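The values are calculated or read from the model by the stated rules, or taken from the named source; none is laboratory data. The model shown is predicted, which means the values in this text are computed figures rather than measured ones. Neighbour counts run over all protein chains shown; Cβ positions are idealised from the backbone, glycine included. Quick note on the areas: whole protein, heavy atoms, side chains included, nothing else; ligands and nucleic acids left out. Shrake-Rupley method; radii C 1.70, N 1.55, O 1.52, S 1.80 Å.
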Amino acid sequence: MFITLFFLMLLIISYIVDFRQYKNVFLLGIFLVSLFTSIVVEVLIPFLNLHMNINYLLMSNIIYALIVIVVMLLSLLNIKKKIANEGRFVTNMIVLGYGTFILINFLIIIFKPHILVDDLNGLIVIVISCLFYYLNLFFTLHNLYSWILSGVAKRKKGDFIIVLGAGIIGEKVTPLLQARLDKAIKLKKKSLDTMIIVSGGQGPDEIISEAEAMRRYLVDQGIRNEEIIMEDASTNTEENLVFSMKVMDEYKKGAIATIVSNHFHILRAAFLSKKLNINATVTGGSSKSYFYPNAYIREYLAIMYMFKKTHAIAIIMMLVFVIAYTLLRS
């Protein structure tokens, strides 16, 4: 338990130094794994008189896979509604790909357990399990840390509110983008002298720019036009921030920004703002429940790709240790 408390203190200190450090996600993971291990080893195993072996690992994989598959199936029920509300994008089907990944792991464990356990003293199932839990652990950690970050903006007053763009339908903002704008309006009412930067260019299938659609919505909601600055050249999140930073510098050097997106998106926005040396905090607007499954998976994949070298090193080190330990015991 002392080790668990030690990692909790490290996480708190690192978070205070800069909440936008990706190592905080690792520290959060180490803390939670340490906490879970302490509970299992120091409480459950002695209390239930258990002995750890490969069968428990198989059983935990099966139980975990069943839980995730049920969640994925429930999420799929929302896809039709999501497409109807947000448009027919390929990304709406990302949940199918993630569900397939879970299903493959599940089928291997269920239908070929003897091959996994018998060969190399169970090394195959151990390696698969490590990869399985590593990837799903970071999926959970990313989402959990996103919700933690969402409350940070309340502690820091910004000079500008940057609303990150998303797709529009016709000349209207989508429910997803509306949630971001509604959050910006709430922040604006608490700080009347803050300017709102609406950031988003015009896609090839869009009639107007996302920035213009957002400006119109804000004006309709009572925000004065002179309190809105349009950035209508960006095509992705990084460009949103780069071009918005240039706009801020024209008005005030060293300005502090509050970046507004949705809960599932603010983690990547936070990491990018650190990368670009923007003095900023982040906050998220709520979204319809049908949007979350695909959105969280998409953001998870994007962040994993952003830090692909870090994860490649971590996975290699983990597998080398696991394989060496398993072979030495065999």
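At a glance:
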quantity	calculated
Protection proxy ranking, peptides 1-8, 212-219, average beta carbon neighbours within 10 Å, highest first	212-219, 1-8
At R0 = 30 Å, FRET efficiency that the Cβ-Cβ distance of D249 and I207 yields, to 0.05	0.45
A324/N277 FRET efficiency (R0 41 Å; Cβ-Cβ; nearest 0.05)	0.50
Peptides 185-191, 163-169, 310-316 ordered by average Cβ neighbours within 10 Å, highest first	163-169, 185-191, 310-316
In Å², nearest 10: area of T258 left accessible to a 1.4 Å probe	10 Å²
Alpha-carbon centroids, segment 1-30 and segment 174-224: separation in whole Å	35 Å
Per residue accessible area of segment 223-330, 1.4 Å probe, in Å²	49 Å²
3J(HN,Hα) from dihedral phi, segment 6-23, Karplus parametrisation 6.51/-1.76/1.60, rounded to Hz, x for glycine, proline	4, 5, 5, 5, 4, 4, 4, 5, 5, 5, 5, 4, 6, 5, 9, 7, 5, 5
Tensor-based shape of segment 160-288 (alpha-carbon gyration tensor, a/c under 1.5 rounded, otherwise prolate or oblate)	rounded
Calculated FRET value between I315 and D18, using beta carbons and R₀ = 25 Å, to 0.05	0.50
When each of K252/K308; K23/K186; K23/K252; K252/K275; K188/K308; K157/K246 is checked by Cα-Cα distance, pairs over 29 Å	K252/K308; K23/K186; K23/K252; K188/K308
Apportionment of accessible area to carbon and sulfur, segment 160-288, percent (1.4 Å)	48 percent
